[in-house]
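Student: If you scroll down you'll find the structure; I have some questions about it.
The values are calculated or read from the model by the stated rules, or taken from the named source; none is laboratory data. Here the structure is a predicted model, which is why all the values come from computation and not from measurement. Methodologically, a virtual Cβ is constructed for each residue, glycine included, from the backbone with ideal geometry; neighbour enumeration extends over all protein chains shown. Side chains are part of the model used for accessible areas, which takes the heavy atoms of the whole protein and leaves out ligands, DNA and RNA. Shrake-Rupley method; radii C 1.70, N 1.55, O 1.52, S 1.80 Å.
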Amino acid sequence: MTPEEIVGRLESGMTLGIGGWGSRRKPMALVRALLRSPVTDLTVVAYGGPDVGLLAAAGKIRTLVTAFVTLDSIPLEPHFRAARERGGAFDLVELDEAMLLQGLTAAAQRLPFLPVRAGLGSDVLRVNPGLRTVTSPYEDGEELVAVPALRLDAALVHLNRADHRGNGQYLGPDPYFDDLFCEAAEAAYVSCERLVAPGEPARHAAPQTLLVSRHSVTGVTQTPKGAHFTSCAPDYGRDEPFQQAYATAAADPAAWEAFRRRFLSGDEEDYHLAVQAWHKEQR
């Protein structure tokens, strides 16, 4: 598929899961295609980074379910910060990192909830009064948080390699739960750095790198540098200078409009050409 064909399957009002972690291996080509679409009013579930920031800046988020929204080397994503300081931009469901993991796992296993100790003794239960606790039915009688399943209408993830059947492979240091996002979703779409022949990934890396299986994937698209400006190790690292330019522009409405016109007003090829031109200007 193309990114546009994938986004054409999405509808306003959906619950959308986005894989990756902070500013690492985010499906940014698909996010940029989503920015160009009329789709809006989304519930977004993510370990958030610039994916969340861009969708928030575009006014496409109704509800955000997240444990954090960060650019890693910049602790707080600037568009997310601005939206929260402004107030009223979208509803926020803030979960502990492990609670988000359990919610995705429950959805992947088609369970209504899973128990977890994470969140007990913290303000997570105070800021999310809808969360419930359960008591262990066994002799210990321990009280646990009952994390509801995070069922997704669709999921977007980015991997290093994939075949046309939907088998996806990560080659970096961390899977970032992309498999759970796919399995928790009614439809899952994988963008990848390179489409390869079936069977090729297993010949070049360990079997455990074959993270995403075709049974949970609806469509695949090849998007070279499709995670930019986030990292996609070992294919490339995070584009720190460009990320800093993004964050600087986000702090000023006029600067952001200029950034948006230059880098986000065209298609994916226009984006990469504009980024290349910008880097030449910095020399």
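Student: Thr135 versus (1) open to solvent by less than 60 Å² (accessible area, probe 1.4 Å); (2) among the hydroxyl-bearing types (Ser, Thr, Tyr); (3) modelled with pLDDT of 95 or more: which is the lone unmet condition?
Tutor: Unmet condition: (1).
Student: Answer yes or no: is there a residue in the stretch 22-33 that is touching a residue at least 12 places away in the same chain (Cβ under 8 Å), assigned to a loop (DSSP other than H, G, I, E, B), more than 22 Å from Glu94 (Cα to Cα) and of a type in the set (Ser, Thr, Tyr).
Tutor: Within the stretch 22-33 (the criterion being touching a residue at least 12 places away in the same chain (Cβ under 8 Å), assigned to a loop (DSSP other than H, G, I, E, B), more than 22 Å from Glu94 (Cα to Cα) and of a type in the set (Ser, Thr, Tyr)), the answer is no, since none of the residues qualifies.
Student: Further question on the same structure: Could you count how many residues in the stretch 34-45 are over 23 Å from Gly266 (Cβ atoms) and in contact (Cβ under 8 Å) with a residue 60 or more places away in the chain?
Tutor: The number of residues fulfilling the criteria is 1.
Student: What are the pairs, 6+ residues apart or on separate chains, where a residue within the stretch 72-84 that is open to solvent by less than 20 Å² (accessible area, probe 1.4 Å) has its Cβ under 8 Å from a residue that is not in a helix (DSSP H, G or I)?
Tutor: Taking only residues 6 or more apart or on different chains, the pairs are Glu77/Gly48; Glu77/Gly49; Glu77/Val69; Glu77/Thr70; Glu77/Leu71; Ala83/Ala89; Ala83/Phe90.
Student: Kindly indicate the residue of the stretch 189-212 that is in a strand (DSSP E or B) and open to solvent by 30 Å² or more (accessible area, probe 1.4 Å) and also farthest from Ser231 (Cα to Cα) among those meeting that condition.
Tutor: Per the stated criteria, the residue is Leu195.
Student: Test each condition in (1) open to solvent by less than 40 Å² (accessible area, probe 1.4 Å); (2) part of a loop (DSSP other than H, G, I, E, B); (3) free of Cβ contacts under 8 Å to residues at least 40 places away in the same chain for Gly88 and report the one that comes out false.
Tutor: (1) is the only condition that Gly88 fails.
Student: Further, regarding this structure: When the stretch 1-39 is examined, which residues are found to be open to solvent by 40 Å² or more (accessible area, probe 1.4 Å) and polar (S, T, N, Q)?
Tutor: Thr2, Ser12
Student: Moving on to the next point. For the stretch 202-216, give me each residue that is out of contact with any helix residue (DSSP H, G or I) (no Cβ under 6 Å at 6 or more places or on another chain) and β-branched (Val, Ile, Thr).
Tutor: Passing the criteria: only Thr209.
Student: Something else about it: Check whether at least one residue in the stretch 178-188 is in contact (Cβ under 8 Å) with a residue 12 or more places away in the chain, in contact with a Phe, Trp or Tyr (Cβ under 8 Å, 6 or more places away or on another chain) and assigned to a loop (DSSP other than H, G, I, E, B), and report yes or no.
Tutor: For the stretch 178-188, residues in contact (Cβ under 8 Å) with a residue 12 or more places away in the chain, in contact with a Phe, Trp or Tyr (Cβ under 8 Å, 6 or more places away or on another chain) and assigned to a loop (DSSP other than H, G, I, E, B): absent.
Student: Hey, another quick one. Looking at His228, is it surrounded by 15 or more Cβ atoms within 10 Å (Cβ to Cβ) and either among the polar types (S, T, N, Q) or outside any strand (DSSP E or B) (or both)?
Tutor: Here the answer is yes, as His228 does meet what is asked.
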